[in-house]
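The values are calculated or read from the model by the stated rules, or taken from the named source; none is laboratory data. Note that the structure is predicted; figures quoted are calculated from it, not measured. We place every Cβ from the backbone using ideal geometry, glycine too, and count neighbours over all the protein chains shown.
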Amino acid sequence: MNPRVNDPNQVVEAILAIEAMRPPPRFIVHLRCHDNALVSALRRRRCDGLGVDTESEAADMRGAIGINANERVPVADGVADCVIFLGATTAELDHAWAEIRRIARPRAHFLLSFTRAPTASWCSARLTGASVSRRHPFVWGTFHA
């Protein structure tokens, strides 16, 4: 698979998960959006969004995705009703979680997928300030106030 393209099956599963969120998100930010297929599909479903990627020409915005220490995503604080990061590693999320929290509104949703499923103990130790649910390969939830 092309490393700049999201797995189509995960895109479909992500759309279904996002459509089930309550309240439904009005604005999403998709970090490492690759071909921006997810944001494009959500726009057709009347959910606006912004795809951010370090390299992809298809992204709405090229820039950092927060996976390196002190790396800032080029998105304002508290703008997203839902932050999405597909195909992450736990090491990347160790750094990116603070940025995901920063760009999310209070009580916003998040949807993550991992190359290897994280353990429940990793989720509880790292994904602080949120309610978390898991079903391979996704981890999703809502930020507390």
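For the stretch 60-91, what are the residues that are farther than 24 Å from Arg43 by Cβ, of a type in the set (A, V, I, L, M) and either in a loop (DSSP other than H, G, I, E, B) or in contact with a Pro (Cβ under 6 Å, 6 or more places away or on another chain) (or both)?
Residues satisfying the conditions are Ile67, Ala69.
Consider Asp53 carefully, then state whether it is in contact with a Lys or Arg (Cβ under 8 Å, 6 or more places away or on another chain), of a type in the set (Asp, Glu) and under 19 Å from Phe114 (Cα atoms).
yes
From the residues in the stretch 57-70 that are more than 16 Å from the chain's Cα centre (by Cα) and either more than 16 Å from Ala88 (Cβ to Cβ) or surrounded by 14 or more Cβ atoms within 10 Å (Cβ to Cβ) (or both), which one is modelled with the lowest pLDDT?
Asn70
Across the stretch 106-145, which residue is modelled with the highest pLDDT among those that are over 11 Å from the mean Cα position of the chain (by Cα), in a strand (DSSP E or B) and of a type in the set (Ser, Thr, Tyr)?
The residue in question is Thr142.
For the stretch 67-88, what are the residues that are free of Cβ contacts under 8 Å to residues at least 24 places away in the same chain and touching a Gly at 6+ places or on another chain (Cβ under 6 Å)? Break it down stepwise before answering.
Start the filter on the stretch 67-88 by keeping residues that are free of Cβ contacts under 8 Å to residues at least 24 places away in the same chain, which leaves 70, 74.
Passing the criteria: only Pro74.
With the condition kept exactly as written, say whether any residue in the stretch 92-105 is under 21 Å from Cys47 (Cβ atoms), free of Cβ contacts under 8 Å to residues at least 12 places away in the same chain, part of a strand (DSSP E or B) and more than 12 Å from the chain's Cα centre (by Cα).
No, there is no match, as no residue in the stretch 92-105 is under 21 Å from Cys47 (Cβ atoms), free of Cβ contacts under 8 Å to residues at least 12 places away in the same chain, part of a strand (DSSP E or B) and more than 12 Å from the chain's Cα centre (by Cα).
Taking the stretch 8-38 on its own, how many of its residues are buried (at least 19 other Cβ atoms within 10 Å of the Cβ), in contact with a Pro (Cβ under 9 Å, 6 or more places away or on another chain) and on the phi < 0 side of the Ramachandran plot?
Going through the stretch 8-38 one residue at a time, the tally reaches 2.
Criterion first (under 19 Å from Asp7 (Cα atoms) and outside any strand (DSSP E or B)) does Glu57 satisfy it?
Here the answer is yes, as Glu57 does meet what is asked.
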